[in-house]
Amino acid sequence: MSDPRPTPLTARHRAAGAKLAPFAGWDMPLQFAGTVAEHEAVRREVGVFDVSHLGTVWVEGPDAQPTVAASFTNDPRRLGDGASQYTLCCDQRGGIVDDLIVYRLAADRWLAIPNAANTAAVVQRLRERGADRDVRITDESADWAILAVQGPDSLDAVRVAFESLGNDLDPADVPHLGILEVPMGDAPVLVCRTGYTGEVGAELLVPAARAEGLWDALLTAGATPCGLGARDTLRLEMGYPLHGNDLSVDVLPGEARLGWAVKLDRDDFVGRDALVAAKAAGPARRLWGLRGSGRRPPRAGMTVLDGDRAVGRVTSGSFSPTAGIGIGLALLDAEVEPGAEVVVDVRGTAVPFEVVRPPFVDRDPKA
């Protein structure tokens with residue numbers, strides 16, 4: 001078993017005393033000062049995450065758009081320059097290989113950001129679908145760092161950090177879900193107005209050699225360093241699914257309530273026929289939220305019960321620092337609807353939960 005791969009910022013994390021752990025083959029910070037403190041910093045002010053484990057995959061050439069269209073479920077023809085969309089990479093049975101964001105910088109220049117564990121599968125899909133097209137697929141994941149700056153004060157922190165590094169960009173001028181490439185000295189930086197916390201924010205792609213300088217500038221501008229622990233509780237409060245927990249090749253988009261990211265009224269893409277059939281049949285189960293009345297959270301893998309009958313399983317669960325209760329996501333039988341009262345077998349104790357439609361907290365990332 002090989003050692004976990006460091007990010008361009010691992011040395012900074014070690015120097016700061018972060019708790020590191022292997023994640024998807026990378027040596028990643030789980031927490032710095034503590035998960036709850038970091039979670040609250042993002043909800044109230046601004047935090048910065050090293051998410052350099054995510055993939056950085058370029059799709060370039062005259063046939064870039066049709067290659068993206070043939071590889072994923074959403075319709076990239078709807079995007080103009082400087083825009084992005086959430087999409088899915090499915091297998092022939094319709095199972096979710098990965099969920100990701102694709103960005104269009106130009107008609108012949110696209111960027112895909114897959115999850116770390118699925119980058120190779122996404123690159124393979126793009127290369128297969130681009131084999132007979134005029135397109136280049138380049139995996140530059142090792143060459144870039146990705147810093148996610150999130151929270152109500154995030155855009156101010158990015159602006160101040162950029163000013164200190166010689167760029168006068170105001171990231172608030174980049175629209176929500178937009179992308180803009182800007183210079184920083186002699187290197188490019190990509191400013192993506194996206195995130196995984198439900199807060200206003202930006203994800204910054206910077207060449208690996210420049211990552212430490214930008215990280216330091218963001219901390220000086222007031223950002224709190226945050227680990228994957230807080231990233232998980234933040235995304236769970238918003239009901240955002242995590243591949244490997246809530247999504248997998250055994251979960252169909254309709255079951256995950258992600259049908260809005262599947263456009264069946266267009267040319268063939270991998271999994272389309274299976275997804276047409278699945279839509280006609282209707283989902284056998286669906287991903288809903290579980291809201292507790294107390295602090296005890298459900299945990300992934302636990303059984304959800306309606307009386308004595310098992311009706312599903314928890315896929316993600318945690319204590320919500322913002323709401324002060326246990327919350328979770330669960331794949332539940334199709335007849336179980338929001339408003340239903342269920343129990344979760346939490347280590348032998350029947351803990352009550354209400355089935356709800358996430359999010360669990362009120363946030364607007366477009367503000």
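Computed from the coordinates by the stated procedures, all read-outs in this text should not be read as laboratory data. Nothing here was measured: the structure is a model prediction, and the numbers come from that model. Cβ coordinates were reconstructed from backbone atoms using ideal geometry, including for glycine residues, and neighbour counts include every protein chain displayed.
Annotations
- Choice from 52, 248, 71 with maximal GNM fluctuation in the chain (Cα, 10 Å cutoff): 248
- For the pair residue 354 and residue 107, a Förster radius of 41 Å applied to the C-beta separation gives a FRET efficiency near 0.30, rounded to the nearest 0.05.
- Peptide ranges 165-176, 92-103, 185-196 listed from the most packed, as the mean C-beta count within 10 angstrom indicates: 92-103, 185-196, 165-176
- Normalised contact order of region 57-133, rounded percent, pairs of Cα under 8 Å and 6 or more residues apart: 34
- Extending 7 Å from Cα along the Cβ direction at residue 163 and again at residue 209 yields two label points whose distance is 2.9 nm.
- The overall shape of region 120-245, judged from the alpha-carbon gyration tensor, is oblate: a/c is not under 1.5, and a/b is no greater than b/c.
- Nearest-20 debye value, the chain charge dipole, Cβ charges on Lys, Arg, Asp, Glu: 780
- Build a GNM of the chain with springs between Cα atoms under 10 Å apart, and of 333, 75, 250 the one that fluctuates most is 250.
- Shape of the chain, Cα gyration tensor, a/c cut at 1.5: oblate
- Where a label projected 7 Å from the Cα of residue 77 along Cα→Cβ would reach, residues of region 247-279 with amide N under 15 Å: 263-269
- With only the Cα atoms considered, region 284-356 has a convex hull volume of 73 Å³ per residue.
- Relative contact order [Cα under 8 Å, 6+ residues apart], the chain, whole percent: 18
- Centre-to-centre, using Cα atoms only, region 1-43 and region 257-307 are separated by 31 Å.
- Using the Karplus relation 6.51 cos²θ - 1.76 cosθ + 1.60 with θ = phi - 60°, the per-residue 3J(HN,Hα) values for region 87-95 come to 8, 10, 10, 10, 8, 5, 8, x, x Hz, with x marking Gly and Pro.
- Other-chain or far-sequence residues with amide H under 5 Å of residue 242's (modelled H): 247
- Mean Cα-pair separation over length for region 284-356, i.e. relative contact order, pairs under 8 Å, 6 or more apart, %: 39
- Near the amide H of residue 326, within less than 5 Å, lie the amide hydrogens of 292, 294, 295, 296, 320, all on another chain or at least 5 residues away, with H placed in the peptide plane.
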